[in-house]
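S.K.: I'd like to ask you about the structure that follows.
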Amino acid sequence: MFGISIYAGMDNTIEEIIEYMDRAHSLGLNTIFTSAHIPETNESFKKDFEKVLQHASKLGFITMVDISKGYFDSLDIKKYNIDYLRLDYGFTLEEIAKMTRNYSFGVTVNATTFVKKDIEKFINYGGRINKINACHNFYPRNDTGISEELLIEKNSIFKEYGIKTMAFIPSQYKRRGPVYEGLPTLEMHRNMKTLVSAQHLQRLGVDFIVIGDAMASEDEMKSLNYIKNDETIIPIKLKKDLSKIELEILNSTHTNRMDPGEFVVRSQESRIIKSGKIIPNNNILPRKKYFVTIDNEKYKRYEGELQILKKDFDIDERVNVVGDASEGNILIEILKPGEKFSFYIVED
């Protein structure tokens, strides 16, 4: 499931926020994360926050609210269709367990700091395990996001109990204050395309993937609609003057051969897809790591073979360089033999 984050009382007016929610909903995003205790909020926060909850309920979003004990005690929680409360300051494990028995909403725990003994205590206090999920933090300051290894380690604990997990990816469009450096969970995602970071978290088994920043662009939100469970979508910047036949190959779905080369992803289908001659073109360009190539007619029986390079190669006049897929490098590196992939064309 993919979603957005909403921050009342920050950089955007409530009118801009409502319009953003409408646009996200129209593009098929179904989850909202919002926070009730950001120190930098302005005087319009409380009024705007309640409008956000009302509109989320109207549109039918799955709503997760980050909340402190003080604000929880002051909010008439029954007025809103809140699916999960991410309980922060002031709540004991016994109180959390009691909530899962007495309220209709579920509880979101901190995936990065909650440990196995906390889950066991929660169960011993009578907590309903089917009413909790686990959400990782996001990290506003550069260089403070967690590693992939730590996320995998933490998530494995929750998977033992069948608890779903959530993590954040940044936007490259409008970042949230006060430092405006992105809101990722993984540090490696901070300056990465939404399409790539979202798929990476999906491959790591994260269930809810939410754009952490204040506003994503329409293109960023649209790109999430292309993501599939059984196919890797790799962004590519195309070289100029490609032939119709080369474009047909690039716009097709491919399968990484069961016996790919040591340093290349090889399409199983491209030589069959080829509907005509591949004329030598862009064939005296350097073949750089993560470039995409198609063999031209000079390569005889290999004409039409599409490859994604995983190291630098020398120029070969039998090979046309058709695009640069380096923005999807993390996805290329984890693509396994037999897995499907296709390309998402992006502009320079």
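S.K.: Scanning for something at pLDDT below 95, of a type outside the set (A, V, I, L, M, F, W, C) and closer than 30 Å to residue 108 by Cβ, does the range 230-239 turn up at least one residue?
M.R.: Yes, the range 230-239 has at least one match.
S.K.: Mind checking which residues of the range 72-107 are under 14 Å from residue 36 (Cα atoms), open to solvent by 30 Å² or more (accessible area, probe 1.4 Å) and either out of contact with any helix residue (DSSP H, G or I) (no Cβ under 7 Å at 6 or more places or on another chain) or free of Cβ contacts under 8 Å to residues at least 12 places away in the same chain (or both)?
M.R.: Those that are under 14 Å from residue 36 (Cα atoms), open to solvent by 30 Å² or more (accessible area, probe 1.4 Å) and either out of contact with any helix residue (DSSP H, G or I) (no Cβ under 7 Å at 6 or more places or on another chain) or free of Cβ contacts under 8 Å to residues at least 12 places away in the same chain (or both): 73, 74, 76, 84, 88.
S.K.: Taking residue 206 as the residue in question, decide whether it is open to solvent by less than 40 Å² (accessible area, probe 1.4 Å), within 30 Å of residue 163 (Cα to Cα) and modelled with pLDDT of 95 or more. Give the steps one after another, and end with the answer.
M.R.: Values: open to solvent by less than 40 Å² (accessible area, probe 1.4 Å): yes; within 30 Å of residue 163 (Cα to Cα): yes; modelled with pLDDT of 95 or more: yes.
So residue 206 passes the test.
S.K.: When you scan the range 254-279, how many residues do you find that are of a type in the set (Gly, Ala, Ser), in a loop (DSSP other than H, G, I, E, B) and crowded, with 17+ Cβ neighbours inside 10 Å? If you could, list the steps in order and put the result at the bottom.
M.R.: Of all residues in the range 254-279, those of a type in the set (Gly, Ala, Ser) come to 261, 267, 270, 275-276.
Imposing the further condition that a residue be in a loop (DSSP other than H, G, I, E, B) reduces the set to 261, 275-276.
This time we only want the ones that are crowded, with 17+ Cβ neighbours inside 10 Å, so: none.
Matching residues across the range 254-279 total 0.
S.K.: Pairs only if they're at least six apart or on different chains, beta carbon under 8 angstrom, first in the range 150-178 and open to solvent by 10 Å² or more (accessible area, probe 1.4 Å), second among the hydroxyl-bearing types (Ser, Thr, Tyr) and at pLDDT below 95; list them, first residue then second.
M.R.: Hits for this filter: 150/112; 154/112; 176/7.
S.K.: Just one of 91, 33 is at pLDDT 80 or above and touching a Lys or Arg at 6+ places or on another chain (Cβ under 7 Å); which is it?
M.R.: Working: 33 fails: touching a Lys or Arg at 6+ places or on another chain (Cβ under 7 Å).
Every option except 91 fails the conditions.
S.K.: When residues of the range 194-251 are filtered for being in a helix (DSSP H, G or I) and basic (Lys, Arg), how many remain? Walk me through it before giving the result.
M.R.: Residues of the range 194-251 in a helix (DSSP H, G or I): 194-203, 218-224, 244-250.
Now restrict to residues that are basic (Lys, Arg): 203, 222, 244.
Within the range 194-251, residues that are in a helix (DSSP H, G or I) and basic (Lys, Arg) number 3.
S.K.: Would you be able to say whether some residue in the range 47-54 is open to solvent by 60 Å² or more (accessible area, probe 1.4 Å), aliphatic (A, V, I, L, M) and within 25 Å of the chain's Cα centre (by Cα)?
M.R.: Checked the range 47-54: no residue is open to solvent by 60 Å² or more (accessible area, probe 1.4 Å), aliphatic (A, V, I, L, M) and within 25 Å of the chain's Cα centre (by Cα).
S.K.: OK, next. What about residue 251, is it closer than 24 Å to residue 279 by Cα and open to solvent by 10 Å² or more (accessible area, probe 1.4 Å)? Walk me through how you get there before you give the answer.
M.R.: Working: closer than 24 Å to residue 279 by Cα: yes; open to solvent by 10 Å² or more (accessible area, probe 1.4 Å): yes.
Considered against the rule, which asks whether it is closer than 24 Å to residue 279 by Cα and open to solvent by 10 Å² or more (accessible area, probe 1.4 Å), residue 251 comes out as yes.
S.K.: Just checking, how many residues over the range 291-348 are assigned to a helix (DSSP H, G or I), under 20 Å from residue 201 (Cβ atoms) and touching an Asp or Glu at 6+ places or on another chain (Cβ under 7 Å)?
M.R.: The total comes to 0.
S.K.: Further, regarding this structure: With the condition kept exactly as written, say whether any residue in the range 280-291 is touching a residue at least 40 places away in the same chain (Cβ under 8 Å) and open to solvent by less than 10 Å² (accessible area, probe 1.4 Å).
M.R.: no
S.K.: Sticking with this structure for a sec: Out of all the residues in the range 78-94, which are touching a strand residue (DSSP E or B) at 6+ places or on another chain (Cβ under 8 Å) and either among the aliphatic types (A, V, I, L, M) or assigned to a helix (DSSP H, G or I) (or both)?
M.R.: Step one: list which residues in the range 78-94 are touching a strand residue (DSSP E or B) at 6+ places or on another chain (Cβ under 8 Å), which gives 80-88.
Listed by number, the residues that qualify are 82, 85, 87.
S.K.: Working only within the range 108-127, note down all residues that are among the hydrophobic types (A, V, I, L, M, F, W, C), more than 27 Å from the chain's Cα centre (by Cα) and open to solvent by less than 20 Å² (accessible area, probe 1.4 Å). Quick ask: steps written out before the conclusion?
M.R.: Residues of the range 108-127 among the hydrophobic types (A, V, I, L, M, F, W, C): 109, 111, 114-115, 119, 122-123.
Filter once more, keeping what is more than 27 Å from the chain's Cα centre (by Cα): 122-123.
Residue satisfying the conditions is 122 alone.
S.K.: Taking residue 281, is it in contact with an Asp or Glu (Cβ under 9 Å, 6 or more places away or on another chain) and farther than 27 Å from residue 197 by Cβ? Explain how you work it out, then say what you get.
M.R.: Values: in contact with an Asp or Glu (Cβ under 9 Å, 6 or more places away or on another chain): yes; farther than 27 Å from residue 197 by Cβ: yes.
Judged against the criteria, residue 281 is a match.
The values are calculated or read from the model by the stated rules, or taken from the named source; none is laboratory data. Note that this is a predicted model, so its numbers are computed, not measured. Virtual Cβ from ideal backbone geometry, glycine too; neighbours counted across all protein chains shown. Note: areas computed on protein heavy atoms with side chains; ligands, DNA, RNA excluded. Shrake-Rupley method; radii C 1.70, N 1.55, O 1.52, S 1.80 Å.
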